[in-house]
Amino acid sequence: MYQFLDDLNADQRAAATAPLDGVLLVLAGPGTGKTKVITARVAYLMLHYKLPPEDIVVATFTKKAANEMVERLDVLLAQFPEVDHKKLMIGTFHSICVRILRRYGRLIGLNSGFKIADEADSRHLVKKAVKTLSQEGVDLASKEQDVKSYKNYISSHKNKAQLPDDVPSAKSANHRNKYLDIYREYQEELLRNNVIDFDDCLLLTHTLLKKHPYCMGRVKHVLVDEFQDTNAVQLGLVYMLSGYNESHLHNVTVVGDPDQSIYGFRNAEAENFFRMEDYYRQKGVTVSKVSLTQNYRSTSNILNLAEQLMGQQFGKREQKKLKSNKKVNLPVELFSSADNKVEAISISKKIKELVDGAVFRCSDVAILLRAGFLSRVIEQELIHSNLPYQVVHGRSFWENKEIRLMMNFMRAVASDMDWLGYSRCLEFHVAGLGPKSMQIIEDLFMEQRAHNEPGNVLAILEGIAEGRVKGIMAKSVAGIKEVLDIIKSSRKLLLDDKTEQEQLSTMFNNIVTKTKLVSIIAKERADKHDSPEEEIEANLNELQNQLVSFNIQEETLLQDAYETEDLIEVADESFDALAETSASLDKLTQFLDSVYLYEETKDAKKTAPKITITTVHGSKGLEWPVVFVPALCDGILPSQYALNTSLDEAKRQAALDEERRCMYVAVTRAKERLFLSYHHRALGFSMGDQAKTKSRFLNLPKGFVQSSKAAMLKGPPLNLSQPTSRFANVMRSSPSLNTTYKGFQPASKLTGNAFTPEGLTKISKPTKKRLGMGRPLRFLKK
Ligand code: ATP
Ligand code: MG
């Protein structure tokens, strides 16, 4: 029928072509083609059931996953130009929600020009809320850790779809009441500042659709990948998005794997599979299920290890019998190191071997970490070894001062209502502007907001420049005039008669030049770096590239939503506001949204071939031929939290199980080679060195992993009759490798250079020692 269906196995095809009506659940293990199925199903819905792409919502877990799906659709649909899949409403739940809110947020009192608060904004506003309440006489602790616990409280309620009025425990415990007061005040602060936080993206859309479900009434099918990581709000959104269109009620496809549920800390619940099933069955909707067992990603050694790992879980779980389709099956290797530095050296040596052997390219290799801080030591070693790498998903880049500042200046360019963005620009650029002056400006802004006007920081600054505001020093007025010039001239550049890329690029350069931020920040950093300018410029270049190459999403679905008169009016107003702006300003806004939504803005695969370093959480749904999972120590994976003996037993077990699933996700990313490692000592922590022990997850029966040394000597079992293409290449180019592959090499034949399965390598010192190499005299004596 359709060629893309021929690429699927029978079970996959059944899922992709399931009837349009009703609910389809695909619960299956890693690498069984769930994402492939959901992509094929989207194509099938458009081609066979003739659903317009703009009526289909596809929620993916990362922006990158969405981009990849669109790319796969480019190929699948190449012969069907009549289907414009670029119009699909596809992205993360957060980005889909932001687009809905930009269009219809007004219906719940949100200004369409809102910005998304980042971590710093949000902390700042919690602190402000605490301050306000303290001034009103409420006794509140305000240390950093208190602020953190207030934030956690707020976030956990938001993830349960509870705004302050919905919090059930409000009346009971006294200290909870204080927390709730902070929550309430914090929401007010957000509104006053015209920002929404990360959790609000979902929660406010939830609120909007509850009140005005017809907004998204045209949706005819909702598909969700990685469903095991949805939380209560996201589940609610699926119900609402699929529940309004009378002719297409409850048409939902979700795929996922409960064993890969690793977002419990964000209140995700794998039980949502079962909740959803019950919910729809009670409504009388047909629920069908498909399971997939053929794995197309990993070798059987990798799958066996993964299954063994999960078998030791506390919680109940169905055994999985995944079949591998790989011919080559090398052992999973495990190595231990004296400390984390030595571990990093071993990893880069191993990568060098693999790459020098021409078996793999750097881009085939990923290093997956339980926590971002673990990357520093490894990065240092990769730099030292001249191995190109990229840290994907790390926030560290975005935390550089030059990046944060540029983002704030661009926020100011994109919106006059963004007081938080403006305030950071003023703090940086305007000399002598102390807290008192800042308070004067903020009060003016809040006053405007209190009168229900959209606060306009630019207008206030103009007032100051014209001498109409009292209390600001002359020196600061001069600085404020400069900020005004930077913002206005940048905006003008966005309207120039140039291509969008050129507009954005010159606007960016304009800010960099006029703020002089390179030399200012370089001075601050001079004592820590040899050439800070170079580093700052490189970071700015990277940011500029990301901005200019950012892909704007089409707004089709939002442009002709369900036809209800009030709604159209509201939507049109928001659109008029946008219509006055330029296309590059829209792009700037979307770029800022995506950064503040913690989305990957660039496609890692398209850049030069580099090793990928990412967190396990960032690796979801992805795969690499070679995967390293270092730092498998108790206290890292499983994390210290899960080992906390003061937790009650049930909580501790649940936490340990989530850590175990984390490791499961990590190991199941590997296609051909998997290297696990741990260290006995962690160096360089501020509190001094720390002794470490091997992760309890590595207590496995014999035969699942092989220590690295042993693997080098024995030569792993290998089926040479049908090598994969990659291996075939190596063998052709290096005939001597064939012999080594076949089995054990007698010591007498080994020279300084030995072949290992991965290619050419030097024999390690301990191995030489064991073989008596390099000591001919002693040999002779014997
Ligand atoms: P995860 O649980 O990690 O998200 P998944 O179930 O979504 O995994 P996919 O990423 O869709 O799995 O597929 C894994 C790999 O197997 C991909 O490289 C995909 O192209 C390949 N694959 C899936 N199905 C088939 C098939 N029928 N024939 C050949 N290759 C397939
Ligand atoms: Mg997937």
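Based on the alpha-carbon gyration tensor of segment 617-661, what equivalent-ellipsoid semi-axes (square roots of 5 times the eigenvalues) come out, in whole Å, largest first? Write out the running numbers ahead of the final one.
Values: eigenvalues 131, 29, 8 Å².
Square roots of five times the eigenvalues give 26, 12, 6 Å.
To the nearest 0.05, what FRET efficiency results for Asn9 and Glu318 with a Förster distance of 22 Å applied to their C-beta separation? Mind dumping the intermediate values first?
Details: r = 21 Å, r/R0 = 0.94.
So, using R0 = 22 Å, E works out to roughly 0.60.
Just by accessible area at a 1.4 angstrom probe, what is the order of Met507, Met1 from largest to smallest? Could you put the intermediate results ahead of the total?
Details: Met507 0, Met1 170 Å².
If we order Met507, Met1 from most to least accessible, we get Met1, Met507.
At 7 Å along the Cα-to-beta-carbon direction for both Trp398 and Ile108, put a label point, then send me their distance in nm to one decimal.
Going from the Trp398 label point to the Ile108 one covers 2.2 nm.
Could you check the simple spin-label distance between Leu647 and Glu453, using points 7 Å along Cα→Cβ, in nm with one decimal?
Label-label distance for Leu647 and Glu453, simple model: 5.2 nm.
Per residue, how much accessible surface does segment 64-220 expose to a 1.4 Å probe? Answer in Å², no decimals.
Values: 6580 Å² over 157 residues.
About 42 Å² of surface per residue is accessible.
Evaluate E = 1/(1 + (r/R0)^6) for Thr506 and Lys481, where r is the Cβ-Cβ distance and R0 equals 25 Å; express this FRET efficiency to the nearest 0.05.
Numbers: r = 22 Å, r/R0 = 0.87.
Result of the calculation: an efficiency of 0.70.
Just subtract the alpha-carbon distance of Gln79 and Asn541 from 0.36 nm times their residue separation and send over the number in nm, one decimal. Spell out each step's value before the answer.
On the way: separation 462, 0.36 × 462 = 166.32 nm, distance 3.85 nm.
That pair, Gln79 and Asn541, stretches by 162.5 nm at full extension.
Below 13 angstrom from the Cβ of Leu676, what's the summed charge of the other residues (Lys, Arg +1; Asp, Glu -1)?
+3
Once amide H atoms are built 1.01 Å from N in the peptide plane, which residues 5 or more positions from Ser337, or in another chain, come under 5 Å H to H?
When sequence neighbours closer than 5 places are left aside, the close amide H contacts are Tyr678, His679, His680.
Checking the table Lys289/Lys321; Lys64/Lys87; Lys127/Lys620; Lys321/Lys610; Lys115/Lys481; Lys50/Lys210 against a 26 Å threshold on Cα-Cα, which pairs fail? List each step's numbers first, then the result.
Values: Lys289/Lys321 17 Å; Lys64/Lys87 17 Å; Lys127/Lys620 34 Å; Lys321/Lys610 34 Å; Lys115/Lys481 24 Å; Lys50/Lys210 28 Å.
With Cα atoms farther than 26 Å apart: Lys127/Lys620; Lys321/Lys610; Lys50/Lys210.
What's the extension gain from Glu427 to Asp278 if we count 0.36 nm per residue and subtract their Cα-Cα distance? Provide the component values of the computation, followed by the final result.
Values: separation 149, 0.36 × 149 = 53.64 nm, distance 5.38 nm.
In short, 48.3 nm is gained.
Please pull out the direction-averaged projected area of segment 26-185, using the convex hull of its alpha-carbon atoms, in nm² to one decimal place.
Working: hull surface 54.7 nm².
With every direction weighted equally, the projected area is 13.7 nm².
If I compute solvent accessible area with a 1.4 Å probe over the protein chains, what percent of it on segment 204-262 is carbon and sulfur?
Numbers: 760 of 1390 Å².
It is 55 percent, rounded to a whole number.
Keeping all protein chains in place, calculate the accessible area per residue for segment 368-460 (probe 1.4 angstrom), answer in Å². Working shown, then result.
On the way: 3900 Å² over 93 residues.
Value returned for segment 368-460: 42 Å² of accessible area per residue.
Working with all protein chains in place, sort Lys143, Lys128, Lys523 by solvent-accessible area computed with a 1.4 Å probe, largest first.
Numbers: Lys143 135, Lys128 50, Lys523 160 Å².
Largest accessible area first, the list is Lys523, Lys143, Lys128.
What does the convex hull of the Cα atoms come to per residue for segment 365-455, in Å³?
On the way: hull volume 15.1 nm³, N = 91.
Given the Cα convex hull of segment 365-455, per-residue volume reads 166 Å³.
Given a Förster distance of 45 angstrom, what is the FRET efficiency for Thr132 paired with Ser519, based on the Cβ-Cβ distance and rounded to 0.05?
Values: r = 39 Å, r/R0 = 0.86.
Computed FRET efficiency for Thr132 and Ser519 comes out at 0.70.
From the P(r) of segment 395-531, can you give the percent of Cα pairs sitting at distances over 19 Å?
Values: 5021 of 9316 pairs.
Of all Cα-Cα pairs in segment 395-531, 54 percent lie more than 19 Å apart.
Dividing the alpha-carbon radius of gyration of segment 137-280 by 2.2 N^0.38 Å (N being the number of residues), what value is obtained?
Details: Rg = 17.3 Å, N = 144, 2.2 N^0.38 = 14.5 Å.
Against the empirical 2.2 N^0.38 Å value, I get 1.19 for segment 137-280.
Accessible area, 1.4 Å probe, largest first: how do Ser247, Ser156, Ser261 sort? Mind dumping the intermediate values first?
Values: Ser247 85, Ser156 30, Ser261 5 Å².
The most accessible residue leads, giving Ser247, Ser156, Ser261.
What aspartates and glutamates does Lys326 reach when the alpha-carbon gap must be under 15 Å and sequence neighbours fewer than 8 apart in one chain are set aside?
Counting by Cα, and skipping residues close in sequence, Lys326 has these aspartates and glutamates nearby: Glu623, Glu672.
Share of segment 279-435's accessible area from carbon and sulfur, percent, 1.4 Å? Intermediate results must be reported in sequence, preceding the final value.
Details: 3280 of 6690 Å².
Reported share for carbon and sulfur atoms: 49 percent.
Would you mind telling me the share, in percent, of accessible area of segment 1-105 contributed by carbon and sulfur at probe 1.4 angstrom? Don't jump to the answer; show the numbers that get you there.
On the way: 1890 of 3510 Å².
With neighbouring chains kept in place, the figure for segment 1-105 is 54 percent.
Can you give me the distance in nm between label points at Gln439 and Ser247, each placed 7 Å from the Cα along the Cα-to-Cβ direction?
6.2
Mean 1/r over all different Cα pairs, inverted: what Kirkwood radius does segment 1-82 give, in Å?
Details: mean 1/r = 0.0753 Å⁻¹.
So the Kirkwood estimate lands at 13.3 Å.
How would you rank 67-80, 421-434, highest first, on the average number of other Cβ atoms within 10 Å across their residues? Show your work: numbers first, answer last.
On the way: 67-80: 16.3, 421-434: 19.1.
Those peptides, ordered most packed to least, come out 421-434, 67-80.
GluC sites (Glu not before Pro) within segment 247-327: which are DSSP loop residues with at most 10 other Cβ atoms inside 10 Å?
Numbers: sites: Glu269, Glu271, Glu277, Glu307, Glu318; in loops: Glu269, Glu271, Glu318.
For GluC sites (Glu not before Pro) across segment 247-327 that sit outside H, G, I, E and B with at most 10 neighbouring Cβ atoms in 10 Å, the list reads Glu318.
When 1/r is averaged over all different Cα pairs and the result inverted, which Kirkwood radius in Å belongs to segment 137-218?
Values: mean 1/r = 0.0719 Å⁻¹.
Result for segment 137-218 stands at 13.9 Å.
The values are calculated or read from the model by the stated rules, or taken from the named source; none is laboratory data. Remember, predicted model here, so these are calculated numbers, not experimental data. Note that each Cβ is placed from the backbone with ideal geometry, even for glycine, and that neighbours are counted across all protein chains shown. Note: areas computed on protein heavy atoms with side chains; ligands, DNA, RNA excluded. Shrake-Rupley method; radii C 1.70, N 1.55, O 1.52, S 1.80 Å.
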